[in-house]
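The values are calculated or read from the model by the stated rules, or taken from the named source; none is laboratory data. Worth saying up front: this structure is predicted, and the values here are computed from it rather than measured. Cβ: placed from backbone, ideal geometry, glycine included. Neighbour counts: every protein chain shown.
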Amino acid sequence: MHNSHSSSDSASELSRSDRLESRDLDVQAVDEIEKLTGRHPGYRRAHAKGTCYQATFQPSGDAAPWTTAPHLQGPQVEALVRFSESSTDPALADLLSPAKGMAVQFRLPEGQVSNLVAVTVPVFFARTPESFMDMLKAVNKARAGNLGIKEIVHQITGHFGEAKESLLSVQRLRPPASYVTNLYYCIHAYLLVNEAGQRQPVKFEWLPEAGVHMLSIKDTTSQPPDYLERELDERLQQQTAAFRLNIILGEEGDPTDDPTTAWPEDRQRIDAGRLVLTAPVPEPEGLVMDPTVLPPQGMELSDDPILNFRRSAYAESWKRRSSEPMDKMDTEPE
């Protein structure tokens, strides 16, 4: 039987070891991401190409029984929205980057913020940070062997069955007519906490009020490389654009630790509020849309290992790009 001093020392050593291993994995993951399309100084390592918009969020109040989070109660809050392409290459044309991203930063009282990050596929392709790393290495190895996209996908799904549903979802994607005619999924589970301290597993999704609309095959032949930003800027000169925030309530047996698995479609949904985009804005300096940044109360991270890993991975990406001059040879200024 160990005494308390030796147990504490062992726990401390284990904690330090875990932190070192986690930090090393963050660095390795960003290294592998950089190999996908090369380094692009000054840009995000993923979702490199993006554009920002000012917005407001009016909560419906219907989520109040499940959470005390301030942005899901009554008062309207200011928000910042960043739409993005999934590629690591900031110069890639919109049509060539199939999945799109939508990150929302809610501006809370006293200068605090809460982030919600979503993409146009319902699940992630890796269950753990370790499998995420293994897949990145496999992709880079396949690319070095000059394999085509279909061969790479076949190789990945053959070795990593957890990636199958995500990659199939990506293959089914068609180019959207607009950033605001996409359905966006927040692929991670969270926990809402109410006044009584009860915890409810949830997921989030953004539903476009304009409906879901994709480009026809004919229309894809005439689009400029940055057609999505141009379309939305022109749209907002004439009118606002809006999304409804759905909260999906998890039930017994719905996994909270596996972002590669979707919850059943029949789960109860709550209309939590309306997000209205009003105008394009320059991206604020130092903006990091880390999905682990939550309100001071009413919402917690789940046990999803990928979600928890993203905090340090985002920090590593930010550390690198913040110390680099932006490479103007890659793309036009955002």
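Can you pull out the residues in segment 304-323 that are in a helix (DSSP H, G or I) and free of Cβ contacts under 8 Å to residues at least 12 places away in the same chain?
319
Which is under 20 Å from residue 294 (Cβ atoms) and at pLDDT below 95, of 38, 74?
It is 74.
Is it true that some residue in segment 280-303 is at pLDDT 95 or above, under 19 Å from residue 211 (Cβ atoms) and not in a loop (DSSP other than H, G, I, E, B)?
no
How about segment 192-211: which of its residues are surrounded by fewer than 12 Cβ atoms within 10 Å (Cβ to Cβ) and either in contact with a Lys or Arg (Cβ under 6 Å, 6 or more places away or on another chain) or of a type in the set (A, V, I, L, M, F, W, C) (or both)?
196
So is residue 100 modelled with pLDDT of 95 or more and of a type in the set (Lys, Arg) or not?
Judged against the criteria, residue 100 is a match.
Can you tell me how many residues in segment 63-101 are part of a strand (DSSP E or B) and of a type in the set (Ser, Thr, Tyr)? Spell out the reasoning first.
So in segment 63-101, the residues part of a strand (DSSP E or B) come out as 77-85, 100-101.
Adding the requirement that they be of a type in the set (Ser, Thr, Tyr) leaves 84.
Going through segment 63-101 one residue at a time, the tally reaches 1.
Test residue 302 against the stated conditions and say whether it is touching a His at 6+ places or on another chain (Cβ under 9 Å) and among the small types (Gly, Ala, Ser).
For residue 302, the condition - touching a His at 6+ places or on another chain (Cβ under 9 Å) and among the small types (Gly, Ala, Ser) - is met.
Return the residue satisfying two criteria in turn: it lies in segment 264-299 and is more than 18 Å from residue 246 (Cα to Cα) and of a type in the set (S, T, N, Q), and of such residues it is surrounded by the fewest Cβ atoms within 10 Å (Cβ to Cβ).
The selected residue is 297.
Kindly indicate whether residue 213 is farther than 27 Å from residue 279 by Cα and in contact with a helix residue (DSSP H, G or I) (Cβ under 7 Å, 6 or more places away or on another chain).
In short, no.
Check residue 181 against each of (1) closer than 30 Å to residue 28 by Cα; (2) under 18 Å from the mean Cα position of the chain (by Cα); (3) among the polar types (S, T, N, Q) and name the one condition it does not meet.
Going through the list (1) closer than 30 Å to residue 28 by Cα; (2) under 18 Å from the mean Cα position of the chain (by Cα); (3) among the polar types (S, T, N, Q), residue 181 breaks only (1).
Output the residues belonging to segment 287-325 that are among the aliphatic types (A, V, I, L, M), over 13 Å from the mean Cα position of the chain (by Cα) and closer than 20 Å to residue 31 by Cβ.
Once the filter is applied, which keeps residues that are among the aliphatic types (A, V, I, L, M), over 13 Å from the mean Cα position of the chain (by Cα) and closer than 20 Å to residue 31 by Cβ, segment 287-325 yields only 315.
With a cut-off of at least 3 residues that are closer than 19 Å to residue 65 by Cβ and in contact with a Phe, Trp or Tyr (Cβ under 7 Å, 6 or more places away or on another chain), name the strands (runs of 3 or more DSSP E) lying wholly within segment 159-274.
Hits in segment 159-274: 199-208, 241-249.
Answer yes or no: is there a residue in segment 213-236 that is modelled with pLDDT under 95 and in contact with a Pro (Cβ under 7 Å, 6 or more places away or on another chain).
Checked segment 213-236: at least one residue is modelled with pLDDT under 95 and in contact with a Pro (Cβ under 7 Å, 6 or more places away or on another chain).
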